[in-house]
Amino acid sequence: MSDSAPMAADGGEDGGATRRDFLYIATGVMGAAGVAAVAWPFVDSMNPSAEVLALAEIEVDLSPIEEGQSITVTWRGKPVFIRRRTADEIDTAQAVDLGLLPDPQADADRVQKPEWLVMVGICTHLGCVPLGQKSSDPKGEFGGWFCPCHGSHYDTSGRIRKGPAPKNLEVPAYTFIDDQTVRIG
Amino acid sequence: MSAPEFKNGLVKWIDYRLPIFTFMHHEMHEYPTPRNLNYWWNYGSLAGIVLVVMIATGIFLAMQYTPHVDHAFNSVERIMRDVNYGWLLRYIHMNGASMFFIVVYIHIFRGLYYGSYKAPREILWLLGIVILLLMMATAFMGYVLPWGQMSFWGATVITNLFSAIPLVGESIVTWLWGGFSVDNPTLNRFFSLHYLLPFAIVGVVVLHLWALHTHGSNNPLGIDRKGPQDSIPFHPYYTVKDLFGLGLFLIFFAVFVFFVPNFFGEPDNYIPANPLSTPAHIVPEWYFLPYYAILRAITFDIWFVPAKLIGVILMFASILMLALVPWLDRSPVRSARFRPLYKQFFWVLLADCIILGWVGGNPPEGMFVIIGQLATAYYFAHFLIILPLLSKLERPRPLPDSIGEPVLKGGGAGASSAAKAQAMEKA
Amino acid sequence: MRRQLIAAAAAAILVLGGTATARAAGGGGEIKAHDWSFSGVFGTFDRGALQRGYQVYKEVCSSCHSMNLLYYRNLTEIGFDADSVKDIAAEYEVADGPDGEGEMFMRPAKPSDRFVAPFANEQAARASNNGALPPDLSLIVEARFDGPDYIYSVLTGYEDEAPEGVELGEGMNYNHAFPGNQIAMAPPLFEDAVEYADGTAATVEQMAEDVTTFLTWAAEPMLETRKRMGVKVILFLIVFSALLYAVKRKVWSDLH
């Protein structure tokens, strides 16, 4: 009959809270705060743990990569293509008319230094790893990468040119620590 | 007891189709609870809350744990070091197990003291024993999971007990192990069962509460409610009292979790399991020590029955015998308040159980052997000899007329000090 | 009733304590109680001690003892900055691969790698130590009863000669604290074994105290967080319980 459950946050009889209601409200608020404080560790425990976060960034030494050569590194469980582009590849990439691109993006917006192309090597169609890292691989009609799963062609800037993929190959966040080292992530 | 009129339209809509709100209203507001329950009645709700805490922490720990002999130990250390708040979840779960047994043992001794096992609550009592057995199985398997030295060797010793069973013993042990010693198959199945059994406990707890609500709670005087003046609604009186008790209990719990998290544990369990090296003293967790003492008490064969088998039988009998208490103790008086002889023997039993625990924690050498044997003998004598005798020979004190009577006269058995230990002995 | 309860509770606690003393029996076990910066409700790790202790581990202990549960990145918690940690890690080599040709290769360790162990496996460790296995030290402080005091006592408890009447086994050393009094490890610490970067005098007691502090941190890096949180939680619960008590009395007042 009396609405005196301690957890009731309402209270206040006409004109404002009585002392009794203040006690109930204070207790209820403290209880709610306690419950929230207890819930947070459970939720946060599902967030990436320290050893996962430690691998969230990787540093790659670029010095062994020659011009015209590509390497693949693993970052956050995904393949990342790093290519040291030749002058021809850079010129071709920069000369493309953006109107022809299914996903228009200038080459300058995809690289920090034109010589170095860094992209996530996962086809934006359905997730296969495109071919083109090795010199013996098919590179598609645009001299870049070719995805054998459904025939997507990427150019020398990693942009989609032909085929079912909707977007260009993703460029992850990266920084040059110095001329020879890049940190991805 | 009319169905309440709910004002909220949504509540009414749901309740018409699934009367959960009517149910809750009945159980909380209308359900008559004796007005004179003391703080020893808090331990039931505390046990339920600890069960929820164990399941919640357990589920989140299981997200990070790997039940394989090569990875288990390190996955637990990963939880402690790398998982956000992993250390907190683990320490809560680890100490929660000890808390669960503290709360449940107090709850059981409350039942023994006040005769809560007597008619019409025999099935309530039996369900409680089932819960205790499930808890023990769950705790035993849970302790194996970190795959420390005690995990491995405790599992080896206890599973080996089943080899004492004549004829089929060895086969049973091989079947339990899934191999020829405690190894990966054993660990994997213990993980599966450790996740499963708590939900079986939940099911039996539901039955336990159902049995409880059929006739309502016992009370410190042990006499039945005679009318509405003897009871009060569970809500808000006992919800609020239970919450206060919970607050105090959480302080006790927090002291262990945050300041002495390894108090109940064994240092040896921080050493990865090594099947080629047995620790000098294999000790189970403290809540198993009394049974361990009983197990080791039998050092002699009786006729053709080997000592090992007798020990195993007595160990299980010590718990199963509790099931017989409603029939071993036939006194029509429930509460020890009015049974001066029974009361003394109750305290002796409690002391005996503590002594058994102390014996169980020490190596089975020297004086510990004889003390363990005497304490074991006394334990069984209490139930099999003393209880029936007391039923016949004891002259109980006169019972009050009703629950309301002592309270209205001003001799409360109600509330009081903030301390958990409760007070007031009134004739 | 209250008297009996207190007696029961006291007895129960004695049971738990009593089982512990049984373990110390059997010779050895002379543990010296020592003051630690991390004990007590408000304990913290002395950062200087942690860094000195790491230096002792690195220069003395790590030649035989692994610490497999620590990563180099953990060292940022004891006061090293990210670049120093990278440099420390790079002093060690870890196996990686296989490379494009299917070969395993060695590369410098990174902060995300675990501490490199001195021996490839248990057999190699035993072969280099007269058949004795130097235990991994990541959890040693928690794996021994009264861990910090015990470790400190072992490190400072050596005697050059065994006392009258005690015959040492071959290759064994006499130690007051080690169970059985005979330990395979030769005294690892001697005066000035390490030259401390911060100039502290490197007595045996100092090094023992520092490395024990470091080992305690290694076993429980979250100790300070745990105690800080504990203080807040218990204060909250005390206030909350007081409020709940007031609510309880209020609600029950119409019955009394």
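When restricted to residues that are closer than 20 Å to C:Pro221 by Cβ and either in the same structural domain as C:Val194 (by TED's automatic domain parsing) or exposed (fewer than 13 other Cβ atoms within 10 Å of the Cβ) (or both), segment C:81-109 contains 3. The single residue among A:Val171, A:Val129, A:Val118 that is within 18 Å of A:Arg76 (Cα to Cα), touching a residue at least 12 places away in the same chain (Cβ under 8 Å) and either touching a helix residue (DSSP H, G or I) at 6+ places or on another chain (Cβ under 7 Å) or not in a loop (DSSP other than H, G, I, E, B) (or both) turns out to be A:Val118. Listed by position, the helices (runs of 4 or more DSSP H) contained in segment B:42-118 that have at least 2 residues being away from chain A (no Cβ under 14 Å) and surrounded by fewer than 21 Cβ atoms within 10 Å (Cβ to Cβ) are B:43-62, B:86-114.
Report, by residue number, each residue of segment C:8-60 that is modelled with pLDDT under 70, within 8 Å of chain B (Cβ to nearest Cβ) and over 25 Å from C:Asn173 (Cβ atoms). Answer for segment C:8-60, where residues must be modelled with pLDDT under 70, within 8 Å of chain B (Cβ to nearest Cβ) and over 25 Å from C:Asn173 (Cβ atoms): C:Ala8, C:Ala11, C:Ala12, C:Leu14, C:Val15, C:Leu16, C:Gly18, C:Thr19, C:Ala22.
I'm checking my understanding of the structure. Among residues of segment A:27-62 that are touching a residue at least 40 places away in the same chain (Cβ under 8 Å) and either among the acidic types (Asp, Glu) or in contact with a strand residue (DSSP E or B) (Cβ under 8 Å, 6 or more places away or on another chain) (or both), which one is farthest from the other protein chains (Cβ to nearest Cβ)?
Filtering segment A:27-62 down to residues touching a residue at least 40 places away in the same chain (Cβ under 8 Å) leaves A:56-62.
Next, from what is left, pick out any that are either among the acidic types (Asp, Glu) or in contact with a strand residue (DSSP E or B) (Cβ under 8 Å, 6 or more places away or on another chain) (or both): A:57-62.
Values: A:Glu57: 9, A:Ile58: 9, A:Glu59: 8, A:Val60: 12, A:Asp61: 10, A:Leu62: 16 Å.
Among residues in segment A:27-62 that are touching a residue at least 40 places away in the same chain (Cβ under 8 Å) and either among the acidic types (Asp, Glu) or in contact with a strand residue (DSSP E or B) (Cβ under 8 Å, 6 or more places away or on another chain) (or both), the one farthest from the other protein chains (Cβ to nearest Cβ) is A:Leu62.
Screening B:Leu246 against (1) in contact with a strand residue (DSSP E or B) (Cβ under 8 Å, 6 or more places away or on another chain); (2) assigned to a helix (DSSP H, G or I); (3) surrounded by fewer than 22 Cβ atoms within 10 Å (Cβ to Cβ) leaves a single unmet condition, (1). Please verify whether segment B:339-357 includes one or more residues that are more than 12 Å from every other protein chain (Cβ to nearest Cβ), out of contact with any helix residue (DSSP H, G or I) (no Cβ under 8 Å at 6 or more places or on another chain), touching a residue at least 12 places away in the same chain (Cβ under 8 Å) and not in a loop (DSSP other than H, G, I, E, B). Yes, segment B:339-357 contains at least one residue that is more than 12 Å from every other protein chain (Cβ to nearest Cβ), out of contact with any helix residue (DSSP H, G or I) (no Cβ under 8 Å at 6 or more places or on another chain), touching a residue at least 12 places away in the same chain (Cβ under 8 Å) and not in a loop (DSSP other than H, G, I, E, B).
Yes/no per residue for (1) in a loop (DSSP other than H, G, I, E, B); (2) touching a residue at least 40 places away in the same chain (Cβ under 8 Å); (3) touching a strand residue (DSSP E or B) at 6+ places or on another chain (Cβ under 7 Å); (4) not small (Gly, Ala, Ser):
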residue: A:Thr72; (1), (2), (3), (4): no, yes, yes, yes
residue: A:Asp91; (1), (2), (3), (4): no, no, no, yes
residue: A:Asp103; (1), (2), (3), (4): yes, yes, yes, yes
residue: A:Pro114; (1), (2), (3), (4): yes, no, no, yes
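Test B:Leu314 against the stated conditions and say whether it is within 11 Å of chain C (Cβ to nearest Cβ), surrounded by 15 or more Cβ atoms within 10 Å (Cβ to Cβ), farther than 15 Å from B:Thr156 by Cα and modelled with pLDDT of 95 or more. No. In the set (1) surrounded by fewer than 13 Cβ atoms within 10 Å (Cβ to Cβ); (2) of a type outside the set (Lys, Arg); (3) in contact with a Cys (Cβ under 9 Å, 6 or more places away or on another chain), the condition left unmet by C:Ala127 is number (3).
Scan segment C:214-226 and give yes if some residue there is of a type in the set (Phe, Trp, Tyr), in the same structural domain as C:Pro187 (by TED's automatic domain parsing) and either under 17 Å from the mean Cα position of the chain (by Cα) or at pLDDT 95 or above (or both), otherwise no. Full working, then the answer.
Applying the first criterion (of a type in the set (Phe, Trp, Tyr)) to segment C:214-226 yields C:214, C:217.
Remaining after also requiring in the same structural domain as C:Pro187 (by TED's automatic domain parsing): C:214, C:217.
Now narrow it down to the ones that are either under 17 Å from the mean Cα position of the chain (by Cα) or at pLDDT 95 or above (or both): C:214, C:217.
So far as segment C:214-226 goes, yes, one or more of its residues are of a type in the set (Phe, Trp, Tyr), in the same structural domain as C:Pro187 (by TED's automatic domain parsing) and either under 17 Å from the mean Cα position of the chain (by Cα) or at pLDDT 95 or above (or both).
Criterion applied to A:Gln112, A:Gln133 was being away from chain B (no Cβ under 14 Å), surrounded by fewer than 18 Cβ atoms within 10 Å (Cβ to Cβ), under 22 Å from the mean Cα position of the chain (by Cα) and more than 30 Å from C:Arg114 (Cα to Cα), and the one residue passing it is A:Gln112. When the test is whether a residue is more than 30 Å from B:Asn262 (Cα to Cα), in contact with a strand residue (DSSP E or B) (Cβ under 8 Å, 6 or more places away or on another chain) and within 14 Å of another protein chain (Cβ to nearest Cβ), C:Arg107 passes it.
Please enumerate the residues belonging to segment C:186-203 that are more than 22 Å from C:Ala132 (Cβ to Cβ) and either touching a Pro at 6+ places or on another chain (Cβ under 8 Å) or not aromatic (Phe, Trp, Tyr) (or both).
The first filter runs over segment C:186-203 and keeps only residues more than 22 Å from C:Ala132 (Cβ to Cβ), leaving C:191-192, C:194-203.
If the condition is that a residue be more than 22 Å from C:Ala132 (Cβ to Cβ) and either touching a Pro at 6+ places or on another chain (Cβ under 8 Å) or not aromatic (Phe, Trp, Tyr) (or both), then C:Glu191, C:Asp192, C:Val194, C:Glu195, C:Ala197, C:Asp198, C:Gly199, C:Thr200, C:Ala201, C:Ala202, C:Thr203 are the ones that fit.
Residue count for segment C:33-63 under the criterion of being part of a helix (DSSP H, G or I) and touching a residue at least 60 places away in the same chain (Cβ under 8 Å): the result is 12.
The lone criterion from (1) modelled with pLDDT of 90 or more; (2) under 23 Å from C:Leu235 (Cα atoms) left unmet by A:Trp75 is number (2).
Being more than 7 Å from chain B (Cβ to nearest Cβ) and not basic (Lys, Arg) is the filter here; which residues of segment C:219-241 pass it?
Hits for segment C:219-241 are C:Ala219, C:Glu220, C:Leu223, C:Glu224, C:Thr225, C:Val231, C:Leu235, C:Phe236, C:Val239.
Within segment B:273-284, the set of residues being buried (at least 21 other Cβ atoms within 10 Å of the Cβ) and either at the interface with another protein chain (Cβ under 10 Å from one of its Cβ atoms) or of a type in the set (D, E, K, R) (or both) comprises B:Val283 only. For A:Ser4, the conditions (1) at pLDDT below 95; (2) more than 10 Å from chain B (Cβ to nearest Cβ) all hold with the exception of (2).
Only residues that are more than 15 Å from C:Trp217 (Cα to Cα), β-branched (Val, Ile, Thr) and in contact with a Lys or Arg (Cβ under 7 Å, 6 or more places away or on another chain) were counted across segment C:58-100, and they come to 2. Filtering segment B:215-224 for residues that are facing another protein chain (nearest Cβ under 9 Å), surrounded by 21 or more Cβ atoms within 10 Å (Cβ to Cβ) and either in a helix (DSSP H, G or I) or modelled with pLDDT of 95 or more (or both) leaves an empty set.
The values are calculated or read from the model by the stated rules, or taken from the named source; none is laboratory data. Keep in mind it's a predicted model, so treat the numbers as computed, not measured. No Cβ is skipped: glycine too gets one built from the backbone with ideal geometry, and neighbour counts run over all protein chains shown.
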